[in-house]
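The values are calculated or read from the model by the stated rules, or taken from the named source; none is laboratory data. Owing to the predicted nature of the structure, the values given are computational and were not obtained by experimental measurement. Using ideal geometry, Cβ is built from the backbone for each residue, glycine included, and neighbour counts are taken over all protein chains shown.
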């Protein structure tokens, strides 16, 4: 059974609520995108460059810079994962940096926002969720964000890498590659990458980072073994040679590096105080920190941002989001 052909009368539509045309509430086309995508505009210039989007309904109000919202109105403008970090929502109020680059044999200078790079998997996940929400508002027919979330869930958010820094690097490279390619396709009026095409990109990124390209099995633990494993055999580090029995084979025990947590005056830092959204701590305040609902554990309200150049945590009296 096919969908019925609909006929619409001419009418007004202001895009808010005073005048909404019935055509606005139609479903997206059910046919293959390659058949109709050429009808999708590349930008929203005809609708007006309005960034008054209902982002509060999607739980991402004030989580992205206004400049990025304007970019989202044009499908040909490249975007990066860092642009959707909650930490960069107020980037316009931060100092800017000067960039010099070579163009046609001459050095040119330009000023850019001081974007903070993604350094945590939780931040990367929230950034992609924010991108997906905005994309749904502005370009409802584009399922790129939905496909990214489904694909990264299939690969357990790159659990094969084990190390969080490498997981973040792979997710960032994957997101940037897909969005960049979709921008090029928009210029040529081609539909964005499908789920299967995105998976090809992800596998290529995994291979480039020396990781296994197969999705992990359900319930499997994170495995940081590079592609090829031991000597290119594809075995994991827990593999026992057949020539030795498990009873007499004692591999060398390698200690995992001890994870360091930010502490201030002997107290762990408050996680809710340092969320990407800012201070969301609901605990009872106690001095310069808080105490859990049970009244047992105390936490310090200081920034837990790790400073690689100093090999130490910030520990200043501001939320991580406000770190400068």
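Out of the residues in region 155-172 meeting the condition of being under 12 Å from the mean Cα position of the chain (by Cα) and assigned to a helix (DSSP H, G or I), tell me which one is nearest to residue 83 (Cα to Cα).
Among them, the one singled out is 172.
Taking residue 175 as meeting all but one of (1) crowded, with 21+ Cβ neighbours inside 10 Å; (2) in a loop (DSSP other than H, G, I, E, B), write down the number of the exception.
The one condition residue 175 does not meet is (2).
Could you go through region 103-115 and let me know if any residue there is touching a residue at least 60 places away in the same chain (Cβ under 8 Å) and over 27 Å from residue 42 (Cβ atoms).
Scanning region 103-115, I find no residue that is touching a residue at least 60 places away in the same chain (Cβ under 8 Å) and over 27 Å from residue 42 (Cβ atoms), so the answer is no.
Does at least one position in region 121-141 carry a residue that is part of a loop (DSSP other than H, G, I, E, B) and either in contact with a helix residue (DSSP H, G or I) (Cβ under 6 Å, 6 or more places away or on another chain) or free of Cβ contacts under 8 Å to residues at least 12 places away in the same chain (or both)?
No - not one qualifying residue is present in region 121-141.
Being in contact with a helix residue (DSSP H, G or I) (Cβ under 7 Å, 6 or more places away or on another chain) and either farther than 16 Å from residue 178 by Cα or assigned to a loop (DSSP other than H, G, I, E, B) (or both) is the filter here; which residues of region 142-154 pass it?
Passing the criteria: only 142.
Does any residue in region 261-290 that is closer than 9 Å to residue 304 by Cα and in the same structural domain as residue 316 (by TED's automatic domain parsing) come within less than 6 Å, Cβ to Cβ, of a residue that is assigned to a helix (DSSP H, G or I) and modelled with pLDDT of 85 or more six or more places away or on a different chain, and which pairs are these?
Going by the 6 Å Cβ cut-off, the qualifying pairs are 274/320.
Starting from residues that are crowded, with 16+ Cβ neighbours inside 10 Å and over 22 Å from residue 93 (Cβ atoms), keep the ones in region 305-324 and report whichever is nearest to the chain's Cα centre (by Cα).
Filtering first and then ranking leaves 313.
Which of the residues spanning region 24-57 are within 15 Å of residue 139 (Cα to Cα) and assigned to a helix (DSSP H, G or I)?
24, 25, 33, 36, 37, 38, 39, 45, 46, 47, 55
Against the definition (surrounded by fewer than 12 Cβ atoms within 10 Å (Cβ to Cβ) and in a loop (DSSP other than H, G, I, E, B)), how does residue 14 come out, yes or no?
When the stated conditions are applied, residue 14 passes them.
Please go through (1) in a loop (DSSP other than H, G, I, E, B); (2) in contact (Cβ under 8 Å) with a residue 12 or more places away in the chain; (3) under 27 Å from residue 125 (Cα atoms) for residue 92 and return the number of the only condition it doesn't satisfy.
(1)
Determine if region 60-77 includes at least one residue that is surrounded by 10 or more Cβ atoms within 10 Å (Cβ to Cβ), without any contact (Cβ under 8 Å) to a residue 12 or more places away in the chain and within 25 Å of residue 128 (Cα to Cα).
Looking for residues that are surrounded by 10 or more Cβ atoms within 10 Å (Cβ to Cβ), without any contact (Cβ under 8 Å) to a residue 12 or more places away in the chain and within 25 Å of residue 128 (Cα to Cα), one finds at least one in region 60-77, hence yes.
Taking only region 100-114 into account, find how many residues are part of a loop (DSSP other than H, G, I, E, B) and in contact with a strand residue (DSSP E or B) (Cβ under 9 Å, 6 or more places away or on another chain).
Result for region 100-114: 1.
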